[in-house]
1. Tell me, yes or no, whether the range 132-139 has at least one residue that is under 15 Å from residue 57 (Cα atoms) and either among the aliphatic types (A, V, I, L, M) or exposed (fewer than 13 other Cβ atoms within 10 Å of the Cβ) (or both).
2. Just one of 15, 90 is touching a Pro at 6+ places or on another chain (Cβ under 6 Å) and either surrounded by 15 or more Cβ atoms within 10 Å (Cβ to Cβ) or touching a residue at least 40 places away in the same chain (Cβ under 8 Å) (or both); which is it?
3. Considering only the range 127-170, state which residues are in a loop (DSSP other than H, G, I, E, B) and over 20 Å from residue 78 (Cα atoms).
4. Take residues that are closer than 28 Å to residue 181 by Cα and among the acidic types (Asp, Glu) and tell me which of the helices (runs of 4 or more DSSP H) falling wholly in the range 1-79 contain 2 or more.
5. I need a count of the residues in the range 261-297 that are touching a residue at least 60 places away in the same chain (Cβ under 8 Å) and farther than 26 Å from residue 210 by Cα.
6. For residues that are assigned to a loop (DSSP other than H, G, I, E, B) and among the hydrophobic types (A, V, I, L, M, F, W, C), scanning just the range 93-111, find the one that is surrounded by the most Cβ atoms within 10 Å (Cβ to Cβ).
7. Residues in the range 173-198 that are within 30 Å of residue 279 (Cβ to Cβ) and not acidic (Asp, Glu): how many?
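Each reported figure results from applying straightforward, stated rules to the coordinates on display, with no laboratory input. As the structure is a prediction and not an experimental result, all values here were calculated from the model. Counting neighbours? That spans all protein chains shown, and the Cβs are built from the backbone with ideal geometry, glycine included.
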Amino acid sequence: MLNRRYLRIKVYQSLYAYWQSDSSNAARIEKELFLSIERTFDLYVGLLMLFGEMRRLAEQRIEDRLKKHLPTAEDLSASRRFVDNPVLVLLSESPRLQADADKRRVSWVGHNEMLSKLYKQFENSEAFKAYMTLPSTTPKKDQAIILDLFLEHMANYDQLHDHYEAKSIYWLEDLDLACSLVKRTIEEVRPAEGDLSLNDLTCEPAEEQSFVSTLYRRAIDQGEEHETAIAARASNWESDRIAVTDMILMKMALTEAREFPEIPVKVTLNEYIEIAKAYSTPKSKNFINGILDKLFAEMKENGQIRKVGRGLLES
């Protein structure tokens, strides 16, 4: 399951498209919303599969040096430190990842030139050279070099961007979200466990779909009601002077607070403030916080917001 924040961002993008269009394409935009989420999954799996390709190329590089007609002493003693990196081994040999890649038909077959250039760029980096010449390594250093490979090289590789741009008009946003998932996966790799934990792909898909669909549909249904309430509490601001992004995020937050009794109000408030930091103006977080604080208090008092279970937690 994608992290809930990513799902909120996806719903926000779709609601923005809906309210900026003629507002008659709710079903089509919802379909595109779920396709976009699937696209993020595909990107996530594809990026993880790159590690296996980098290991394959590193192994090939060692073999090529050994097969030279007149190999040097350096060729004959080429280090396998990167190839045998436990984090890289787990990423490249994961049965779970391979199964997901097969199911989604994700493969890097036919892209050897692009991948070779990427590996060469990484191999020539100072971080790689430093890692390969360490007197000894540690689990922390093994993880750090894989994170460096991903964050400094894969995620910023122009040819990879071009490859994905051809697949999706939303490639940049999808890629950003997928990269966040990959980073988290690398940080959570535990070689002793024997396989990757791909919870982002396998946990509660029905719950995820329900969250997205309910938030999207009910935000549209309650849109006018919430816009009126927001405008009434935004002193000195007409509703049409409130930034479009701020208005959509506040309407979403109000819907979430009403429709999901097990999500604490504090969690909802903090999530939309964080999204506002990334998608709106510098002052938006304070404006949104002030308006939602007032409205949440009123809606609790009049019974529009009712929480149960962990939704009752306020800390």
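1. No, there is no match, as no residue in the range 132-139 is under 15 Å from residue 57 (Cα atoms) and either among the aliphatic types (A, V, I, L, M) or exposed (fewer than 13 other Cβ atoms within 10 Å of the Cβ) (or both).
2. Being touching a Pro at 6+ places or on another chain (Cβ under 6 Å) and either surrounded by 15 or more Cβ atoms within 10 Å (Cβ to Cβ) or touching a residue at least 40 places away in the same chain (Cβ under 8 Å) (or both) holds for just one of 15, 90, which is 90.
3. Of everything in the range 127-170, those that are in a loop (DSSP other than H, G, I, E, B) and over 20 Å from residue 78 (Cα atoms) turn out to be 155, 156, 157, 166, 167, 168, 169, 170.
4. 26-66
5. 2
6. Filtering first and then ranking leaves 106.
7. 13
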